Amino acid sequence: MSIEQSIELSLPIVYKVNQAITAKQFVELLAKTTLGARRPIDEPETIEAMLENANLLITAWQGEALVGVARSVTDFAFCCYLSDLAVDESVQATGIGKTLIRMTKEALQPKCSLILLSAPQAVDYYPKIGFTQHNSAWVLTDITMLK
């Protein structure tokens, strides 16, 4: 391990609420997670729109490095869709994801439900931290499938 790597590992994690990030920063983080394979990281306009239209963004930083993001769309009162939870694989299992979720929930009114669709690799994670599974979620991505 180089001196630079050991210094980076010793830096504390700093969390920020609604701190703007660039599409490039977001893509670089997604590429360091399994979520990157399910996000349009090769479509800059889509990534930019995802960031511009989210109305709750919690980020985790280690020095200047973005190491975690919780990106949500919410009304703050009834429901909050946590559309992206991404933590750099090099710092996973250190509590960053749970802190991002906690801070997201704390930004909402107490009765507001936090809703997400799990990546396949994370389906066992969410029940461990207190989420309950809902068996009637439905997704429509192609309008031609609407009958």
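Points worth noting:
- Among residues of region 10-57 being assigned to a loop (DSSP other than H, G, I, E, B) and either touching a Pro at 6+ places or on another chain (Cβ under 6 Å) or hydroxyl-bearing (Ser, Thr, Tyr) (or both), the one that is modelled with the highest pLDDT is Thr22.
- Top-ranked residue of region 106-123 - restricted to ones that are open to solvent by less than 40 Å² (accessible area, probe 1.4 Å) and under 13 Å from the mean Cα position of the chain (by Cα), ranked as farthest from Ala86 (Cα to Cα): Leu114
- Residue satisfying all of: in region 58-105; among the aliphatic types (A, V, I, L, M), more than 20 Å from Ala31 (Cα to Cα) and free of Cβ contacts under 8 Å to residues at least 60 places away in the same chain; surrounded by the fewest Cβ atoms within 10 Å (Cβ to Cβ) among these: Ala77
- The condition (being over 18 Å from Val73 (Cβ atoms) and open to solvent by less than 30 Å² (accessible area, probe 1.4 Å)) is satisfied by just one residue among Leu11, Leu29: Leu29.
- Residue check for Gln25: in contact (Cβ under 8 Å) with a residue 24 or more places away in the chain and over 19 Å from Lys105 (Cα atoms): yes
- Of all residues in region 119-146, those satisfying the criterion of being hydroxyl-bearing (Ser, Thr, Tyr) and not in a loop (DSSP other than H, G, I, E, B) are Tyr125, Tyr126, Thr144.
- Among the candidates Leu66, Leu114, residue that is assigned to a strand (DSSP E or B) and closer than 22 Å to Pro12 by Cα: Leu66
The values are calculated or read from the model by the stated rules, or taken from the named source; none is laboratory data. The model shown is predicted, which means the values in this text are computed figures rather than measured ones. A quick note on method: Cβ atoms are made from the backbone with ideal geometry, for glycine too, and the neighbour counts reach across all protein chains shown. These area figures cover heavy atoms from the full protein model, side chains too; ligands, DNA and RNA do not enter into them. Shrake-Rupley method; radii C 1.70, N 1.55, O 1.52, S 1.80 Å.
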